Amino acid sequence: MEKVVHEFLEWSRPHRWLSYACYSALIMFLFCASLSAEVVINELMYDPIDADTGKEWIELFNNGTSTVNLAGAKIQKAGATFETVFTFPAFLLRPGRYVLVGESQVSQAAFIATLQFQNGGSATDGVRYLSSDESYTDTVLYDYPNTSLLPDDTGIPGSGWAEDVSAGYSLARKWDGVDTNDCSVDFIAELNPTPGYANHVDCDFALRNPLVYQDNSSWILSVWVVNCSEISPAFSLKLLVSLDNQACQTLDLNPIAALDSTELTIALPIYDMDNHIIGLELQVQDDSNPVNNSWNYTLVQSQPTLPLINEFMYDPQPGHPEWIELHVEQPYVSELDYELFDNAGNSGDFSLPAGAGGYIILCNHRDIFLSAFPECAQSTVLELNAWPQLNNTGDSIILRSANATIDSVSYAGDSYHRGQSLERSNMSAPVSWRYSVDPSGATPGRQNSIDIPPDVTFSGRLKLEGSPLHPISGASLRLYYQLPDATSRVSCHVYDLQGRKQRSLATNLTVGQSGYIEWDGADIHGKYLARGLYIILWESQSSTGGKIYRKQLTAVIDRG
């Protein structure tokens, strides 16, 4: 059987895509066709947590079709050579059953013995089952190199080793009783050992490319369920769909073959214009990586939004007025009243008429402002009767409505930026402010200049520059975007290869049609991340709704 598996693996190297698909079928064929190797080592605990004494164990499994009398059979261990540590008395091991031999503290053991297996760490060690007539062996070799030339079941020095597991892990067969005579293929490290019971089927299923979109008047969720592992579990899966943290659907899925996937399309019971939280949870038995089994998304539909301070001029050129620009993404259908305060408590009030949206300019001299910025639409410029003066040395601007603060900004003025406005940056989160780089010094009534990327041309929607990133040198990575809509909502997060979120660069952030998001290589605590590969997940959606555009990119951090 070892020869058959070896020849298959050699043939499959240039056909790796095929080898994965055929592997499960080949193993099950060998399992059914080779019943002479009836008793196998199924799971092994050689390095328990803390002191090993009294806690080691070995599990045997009868993978044949007939009962085996274990009387006289032996368990052997090896560092330099194999030596017997236990001899079985009369015991009938029936087909498909387990027997556990353990040390004094293994309560469920059928037999107690002093095993003292080698712990690996510098060279190959081994454990062997030897039949009573010594005509049959099942050998597990672990760690490398095989400097002692320990033999495998062919009698020659073994070359297929299982990994040396960490303390508290067991070595377990991927499938109970399935033996290819190659320990590197048959055994895996098991975090949750199962002495005397069936081994876990080590699989990894994941939710991939979830997409929420509107088809006519119905909301649709599509998602791929992927079997990322090289095995084909026979059990079925369940996908739980929730809306606003309440279960709304349960889908029973058929088994998915190794490295295969299936796409699901789900109609969501959303019949209003409210915001909703959509959740998916994939329930899988013994999934080795449950992190990728769940997904949550906040559906934000087109609803009225309160204005935000988007740009202001606190130190205008001589003869020009101070002004403040607001941005309203989705206008209200009724008139609303607002108040504007400075740090000293001076205030001015104004109203936004029904349907007022986009850029709104507030000032104390409307005619002078329009003469300075004639490109601004007159209907978007409002003159306040009372104006809170913006101090050149620093001040605060506070926007309130119904006695609640809607938005605010504090600034430290200087004498170097006369005639330059401060613009809100939508390129990063949290919100930051920078001086305008527009040739005129300001951009009232139009997109902020700092949201317009430098002369970077590219096709598609996204372009990543600055990778590999050297954060210690002060460099930064920029993700440029050019989107099809005038305004969009963007979320952008950084993950490590284990799927753990390391940084949120934007969360449901409103941006213009083009610009960039910047990352300095730090995590959520401001600490530079370790050298390695990181995943950047981008999601964007038009502010008016519709399909979500999702893109996954990779970036490298180099600390050298």
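Since every read-out is calculated from the coordinates, none of them should be taken as a lab result. For clarity, every value in this text was computed on a predicted model and none was experimentally measured. Neighbour counts are summed over all protein chains in view; Cβ atoms, including those assigned to glycine, are modelled from backbone coordinates with ideal geometry.
What to note about this one:
- Extension reserve of the residue 411-residue 285 stretch, reckoned as 0.36 nm per residue once the Cα distance is removed: 39.9 nm
- Point-to-point label distance, residue 53-residue 317, nm (Cα→Cβ direction, 7 Å offset): 8.9
- Long-range amide H partners of residue 91 with built H, under 5 Å: 70, 71
- With the convex hull of the Cα atoms taken as the outline of the chain, the averaged projected area works out to 34.0 nm².
- Folded to 0 to 90 degrees: helix 16-33 orientation relative to the chain principal axis, Cα: 30
- Rg then Dmax, both in Å and based on the Cα atoms of the stretch 462-557: 13.3, 41.
- The simple spin-label model puts a point 7 Å past each Cα toward its Cβ; for residue 527 and residue 272 those points are separated by 4.4 nm.
- Note that the stretch 503-510 has calculated 3J(HN,Hα) couplings of 7, 9, 8, 7, 9, 6, 8, 7 Hz, one per residue in order, obtained from phi through the Karplus relation 6.51 cos²θ - 1.76 cosθ + 1.60 (θ = phi - 60°); glycine and proline are x.
- Residue-wise HN-Hα couplings along the stretch 219-231, as the Karplus relation 6.51 cos²θ - 1.76 cosθ + 1.60 with θ = phi - 60° gives them from phi, are 8, 10, 10, 10, 7, 9, 9, 10, 8, 7, 9, 9, 10 Hz; Gly and Pro carry x.
- The residue list 75, 118, 93 was ranked by how far each Cα lies along the charge dipole of the stretch 35-190 toward its positive end, using unit charges on Cβ atoms, and 93 comes out on top.
- Kirkwood hydrodynamic radius (C-alpha pairs) into Stokes-Einstein, the stretch 157-203, 25 °C and 0.890 mPa s, D in µm²/s: 220
- Using the Cβ-Cβ distance between residue 433 and residue 245 with R0 set to 51 Å, the FRET efficiency works out to roughly 0.90.
- When only Cα pairs below 8 angstrom with a gap of at least 6 residues are kept, the stretch 205-299 shows a relative contact order of 32 percent.
- For residue 423, residues with placed amide H under 5 Å, excluding near neighbours: 434, 435, 436
- Low-density loop positions, chymotrypsin sites (Phe, Trp or Tyr not before Pro), the stretch 69-152 - DSSP coil, at most 14 other Cβ in 10 Å: 91
- Extended-chain gain in nm, criterion 0.36 nm per residue less alpha-carbon gap, residue 518 and residue 91: 146.9 nm
- Amide H contacts of residue 394 (H built 1.01 Å from N, under 5 Å, at least 5 apart or other chain): 413
- Under the Karplus curve 6.51 cos²θ - 1.76 cosθ + 1.60, θ = phi - 60°, whole-Hz ³J(HN,Hα) for the stretch 244-259, x wherever Gly or Pro sits: 6, 6, 10, 4, 10, 8, 10, 10, 8, 10, 6, x, 10, 5, 4, 6
- Separation in nanometres of the label points that stand 7 Å from Cα toward Cβ, at residue 215 and residue 123: 6.5
- Per residue of the chain, the DSSP helices (runs of n ≥ 4 H) give a summed -39500 (n - 2.57) that works out to -2000 deg cm²/dmol at 222 nm.
- For the stretch 205-299, the equivalent ellipsoid derived from the alpha-carbon gyration tensor has semi-axes of 26, 13, 11 Å in decreasing order.
- Stretched out straight at 0.36 nm per residue, the stretch from residue 263 to residue 156 would grow longer than its current Cα-Cα span by 33.7 nm.
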